[in-house]
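For reference, the structure is listed below as structure tokens.
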Amino acid sequence: MYVRSLRRIVAISLSVVTSATVVAQDSFTLLFENSGPEAGITAPGATDFSIFGSNWTGGIVLTEGIPPLYASGRFSYEVNSGPAEVTFDTPIDRLDFFYVHGSGHAQGTATVFNAAGDAIGSGTSIRRTFFNDPNNFLSFDPLDPIVRITFSSAVIDDFSFTTVPEPGSLALLGLLAAVALRRR
């Protein structure tokens, strides 16, 4: 009887943890194509804008007409004249993006920061190869949540990020599991 109850508690707990990850996290991707939810926000020439809880400054949405500079479509976010920055309204726990240089763009460095302002990861852009080359993506999945990323130069496209689960959502799911256990 005790073993059966313990198994039930473990099964419910695992279910709650899995559900919390799916329910409490949001994933977003910016394509810089000025269509769908980006329409009017990532229009060609856009420099400072906010979308999906991300706030962009220091670069510009452009098209160069050179397919190897893009992961999709014909537009990207380009950083040529100094640092660019993206801050997040809600901390994120994963970040993936196409990051290349070439055709007049210098090699760039992307650096991610936690809430304390500490650099928790960095990577450099890859010399352009061909359109949507999967080897031209840079990923960050640090232990600390990311609140900001800076770019020194280069071209960014297909920028995807996942928010950190909100503690309130996790607590609510835990409370619901406790109620379910009590009823049994």
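The values are calculated or read from the model by the stated rules, or taken from the named source; none is laboratory data. This structure is a prediction, so every number in the text was calculated from the model and none was measured. Here the Cβ is made from the backbone with ideal geometry for all residues, glycine too, and neighbour counts use every protein chain on show.
Summary table below
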{"quantity": "Members of segment 56-88 found to be buried (at least 21 other Cβ atoms within 10 Å of the Cβ) and not charged (D, E, K, R), listed by number", "calculated": "Trp56, Gly59, Val61, Leu69, Tyr70, Ala71, Phe75, Ser76, Tyr77, Val79, Ala84, Val86"}
{"quantity": "Only one of Asp144, Asp133 that is in contact (Cβ under 8 Å) with a residue 40 or more places away in the chain and surrounded by fewer than 18 Cβ atoms within 10 Å (Cβ to Cβ)", "calculated": "Asp133"}
{"quantity": "Tally of residues being part of a strand (DSSP E or B) and more than 17 Å from the chain's Cα centre (by Cα) across segment 101-123", "calculated": "3"}
{"quantity": "Single residue of segment 88-109 satisfying the filter (touching a residue at least 60 places away in the same chain (Cβ under 8 Å) and aliphatic (A, V, I, L, M)) that is nearest to Val155 (Cα to Cα)", "calculated": "Leu95"}
{"quantity": "Selection status of Pro91, modelled with pLDDT under 95 and surrounded by fewer than 19 Cβ atoms within 10 Å (Cβ to Cβ)", "calculated": "no"}
{"quantity": "Segment 27-51 - residue that is touching a residue at least 60 places away in the same chain (Cβ under 8 Å) and not small (Gly, Ala, Ser) and, of those, nearest to Glu78 (Cα to Cα)", "calculated": "Phe32"}
{"quantity": "Filter result for Pro44 (surrounded by fewer than 15 Cβ atoms within 10 Å (Cβ to Cβ) and in contact with a Phe, Trp or Tyr (Cβ under 6 Å, 6 or more places away or on another chain))", "calculated": "no"}
